[in-house]
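Step one of this worksheet: look at the structure below.
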């Protein structure tokens, strides 16, 4: 397979890091399985309004909490609502909050941290003091304020969470950049005449992808749980709507009588997080040319 | 009587790319009071063969396949962990290459020394402290008791290596293994450390295994030499015999690669026309760093890293810049190409002042002034393929159609002696010498007029170093380049450079034709530096 690498001298083509990463990721079966599971979950979440077996809000108090059966595969909750349907609808909220809030955190955090770390001096001090101030601000007050000013909406909730989570990302990235910019290849890029932005995008960020990806795979679950916490306080989404976090927290309350109300949502969340971790590990390895030879 | 007797030692490493035979069936003896040098290039197995003795190689991936190493009547390769611990650091001591990292920065020198003693014997702590202080004085650190209270960062590199030697001597070992102990040190410090090892050996009759890649060092210190290549001992004998009746082809190559002559005539700079305007003119250049140890309200103190320097560089000339670590030669070279801003003075490139250029002017300047760094492992972005590394400067400064750029990249690869088929590989897939070639190709990509080379060969093996030096000579000739060549290695400077500037504490103390500097040094510092060069190799016929 690898013998075919001899290229005719006139048709040399460079590989970009990303093309290589895709090739390498494809060879990682665990990561591909994770990607597949996440993909299926996202497709189901998108199609839920059309494929869900029951309505998520119509209660059937006669039925009450019933264990899994042929009619209700995963059973029903205390109001007689189909659990499978509620998990599917919950997935829409949880996946969206996980990915949107983390993406927001990722972009702000990476650029903020990279610019602060690379520029250094006063800019760095100013940008990081701002981060410190935001850290110190009680995050609940911040979110309640946002809700009061802009009204309650799910999208705002996503943004609010993202705006809180980027702080840690910025700190991690800045720390990495501080040590990276001492490296000679960054100095060589300066000596070459590259602009600071080009150096950050082409030379610095690709070299800190490892820690970034690890942090992202940690952030997504914590964001999902944060949403459950906010919803529990009445700041997030409200019943009869659902999210995985909410389902789990209700499940915990009724764990002794109706264990399936905890087991199934918990299982779905765990599978999602496992898939994310496998994908994250796979991406980290795929983006590092040193980890594999082909 | 032999202290150590190694028989048929074989070490393999099981990596994902297959089995690597790091050490292949080697046998040798070390006698009491003898200095045995193991010479070889990186990857020759010289370090692995010694680390294996003390069970210091990671297993897996490493595995000692076979062999015996008798230290007295104990077989080091087949003894249990407890026995090993009682020998390690006690009967056999080791000194490592980098004194900056081999001491624990959070412990005082004293507690680190005492720890060695208390680990290996039931000695009283007070007595141990006294003994530690004694040994410190022994290795030339005066005021031992007081120095014990200090932390490693309060010692210079040479001093730390002395501390390491003191630590090794504490337990009165029978065998000392020194793994490139002076490679990270300046030449004058290196000479002092050799002196010290000499005295100590005579005094205590310690056997020393000295691992090095530097033949000049061997000539000065060793009684016997083992030459290793690819895991095998290719030649061994007394030092005299190795140098005077070299048998193996590889040893001959090693000896020939030592730059101990002048560069060939056709590469020398010839231009007696003094009226020619230098391509680079540095005058009264000063670069300062703020001293952070001053308080908030005190007036800021500055440290002149580069202090009122005057230099010029003619077209097609190689100017050597030599000095010890911390003398400001790297700062000077980075100031010249404006990676660091100067404080005072001027740098003129082709008559144009460049210290005041704005970012746009600077971008143009980058085309003409390029830099090559010391460490080819750190100076290439590990996440970019060679193609991308070379494409980047081309795209930035000479945008053209893609096939033209590709053409140019292939030319560059040819020019620095790399195969264009390797273009898709990443830096870690190349050896150190090849990486330095990539770094040179990157600097050449924009067709610069001046290249500042900051210790470009110090991280390379001697045979690779010779190849890279020749590459420099050819490129200078072909492209009419001018080079400022920074190095602490005097023999490299002597071989390569037309003129040499000697730097000390931020100042240029002497600058003249290279041969004049070496044969008739005027300044006291230059004289000291040249006296410290390891003595010439006994046999000159190879030169």
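Every read-out reported here was derived from the displayed coordinates using simple, explicitly stated rules and does not represent laboratory data. Just so we're clear, the structure is a prediction, and the values are computed from it rather than from any experiment. So basically every Cβ, Gly included, is an ideal-geometry build from the backbone, and we count neighbours across all protein chains shown.
Mind checking the full-extension length gain between residue B:474 and residue B:421? Use 0.36 nm per residue of separation minus the Cα-Cα distance, one decimal, nm. Please report the intermediate quantities before stating the final value.
Values: separation 53, 0.36 × 53 = 19.08 nm, distance 2.29 nm.
Extra length available between residue B:474 and residue B:421 comes to 16.8 nm.
With the contact rule set at Cα under 8 Å and sequence spacing of 6 or more, what percent relative contact order holds for chain A? Could you put the intermediate results ahead of the total?
Numbers: 353 pairs, mean separation 80.6, N = 294.
Normalised by residue count, the contact order of chain A is 27 percent.
Using the 10 angstrom Cβ neighbour count as an exposure proxy, how do B:16, B:437 rank, fewest first? Let's see the in-between values first.
Details: B:16 8, B:437 24.
By the 10 Å Cβ count, ascending: B:16, B:437.
Quick one: what Rg and Dmax do you get for the protein assembly as shown from the alpha carbons, in Å?
In Å, with Rg to one decimal and Dmax whole: 32.9, 108.
Given labels modelled 7 Å from the Cα in the Cβ direction, how far is it in nm from residue B:522 to residue A:198?
Result for the modelled spin labels: 4.5 nm.
Please compute the length gained on full extension between residue A:142 and residue A:27, using 0.36 nm multiplied by the number of residues separating them and subtracting their Cα-Cα distance. Mind showing how you got there, number by number?
Details: separation 115, 0.36 × 115 = 41.40 nm, distance 4.43 nm.
Net length gain for the segment: 37.0 nm.
Normalising by the residue count of segment B:10-75, find the relative contact order in percent from Cα pairs under 8 Å and 6+ residues apart. Before the final figure, lay out each step's value.
On the way: 63 pairs, mean separation 27.6, N = 66.
The normalised contact order for segment B:10-75 reaches 42 percent.
Once you place label points 7 Å from the Cα toward the Cβ at residue B:121 and residue A:232, how far apart are they in nm?
It works out to 6.4 nm between the two label points.
I need to check one value: relative contact order of chain B, counting alpha carbon pairs closer than 8 Å and at least 6 residues apart, in percent.
Values: 1009 pairs, mean separation 82.7, N = 543.
Averaging sequence separation for qualifying contacts and normalising by length gives 15 percent for chain B.
Where does each of A:166, A:50, A:18, A:112 land when they are ranked from fewest to most other beta-carbon atoms within 10 angstrom? If you can, show how the numbers build up before the last one.
On the way: A:166 26, A:50 6, A:18 11, A:112 21.
Result, fewest neighbours first: A:50, A:18, A:112, A:166.
Take residue B:74, project a point 7 Å from its Cα along the Cβ direction, then tell me which residues of segment B:171-196 have their backbone nitrogen under 13 Å from it.
Only B:173-175 pass the distance filter.
Output the antiparallel fraction of DSSP beta bridges having both residues in the protein assembly as shown, as a percent to the nearest 5. Before the final figure, lay out the partial values.
On the way: 49 of 86 bridges.
Counting DSSP beta bridges with both partners in the protein assembly as shown, the antiparallel share is about 55 percent.
How many angstrom lie between the C-alpha centres of segment B:67-98 and segment B:471-492?
Centre-to-centre distance over Cα atoms comes out at 46 Å.
Going by Cα centres, segment B:202-256 and segment A:216-294 are how many Å apart?
63
Roughly how many nanometres apart are two label points built 7 Å out from the Cα toward the Cβ at residue A:274 and residue B:362?
About 5.3 nm, to one decimal.
Which angle between 0 and 90 degrees, to the nearest 10, do you get for helix B:462-479 versus the longest principal axis of chain B when only C-alpha atoms count?
0
Evaluate E = 1/(1 + (r/R0)^6) for residue A:134 and residue B:101, where r is the Cβ-Cβ distance and R0 equals 22 Å; express this FRET efficiency to the nearest 0.05.
Details: r = 38 Å, r/R0 = 1.72.
For R0 = 22 Å, the calculated efficiency reads 0.05.
Label chain A by shape, choosing from rounded, prolate and oblate, from the square roots a ≥ b ≥ c of the eigenvalues of the Cα gyration tensor; if a/c is under 1.5 it is rounded, and otherwise prolate applies when a/b is larger than b/c, oblate when it is not. Before the final figure, lay out the partial values.
On the way: a/c = 3.16, a/b = 1.55, b/c = 2.04.
Oblate, since a/c reaches 1.5 and b/c is not below a/b.
Going by how many other Cβ atoms sit within 10 Å of their own, how do A:195, B:5 line up, fewest first?
A:195, B:5
Please report how far the C-alpha centroid of segment B:121-174 lies from that of segment B:346-394, rounded to the nearest whole angstrom.
46
Using helices alone, I'd like the mean residue ellipticity at 222 nm for the protein assembly as shown: each DSSP H run of four-plus residues gives -39500 (n - 2.57), total over residue count, nearest 500. Write out the running numbers ahead of the final one.
Values: 29 runs with 390 residues, N = 837.
Computed ellipticity for the protein assembly as shown at 222 nm equals -15000 deg cm²/dmol.
Calculate how steeply helix A:209-232 sits against the longest principal axis of the alpha-carbon atoms of chain A, using the helix alpha-carbon long axis, and give the answer as 0 to 90 degrees to the nearest 10.
Approximately 20 degrees, to the nearest ten.
Taking R0 as 22 Å, what's the FRET efficiency between residue B:172 and residue B:85 from their Cβ-Cβ distance, rounded to 0.05?
Numbers: r = 17 Å, r/R0 = 0.78.
Once the sixth-power term is evaluated, E becomes 0.80.
Semi-axes of the equivalent ellipsoid for segment A:124-273, please: Cα gyration tensor eigenvalues, times 5, square-rooted, ordered largest first, whole Å.
Values: eigenvalues 310, 80, 26 Å².
Taking √(5λ) for each Cα gyration eigenvalue gives 39, 20, 11 Å.
Principal axis lengths of chain B from Cα atoms, whole Å, largest first?
That gives 72, 60, 45 Å along the principal axes, largest extent first.
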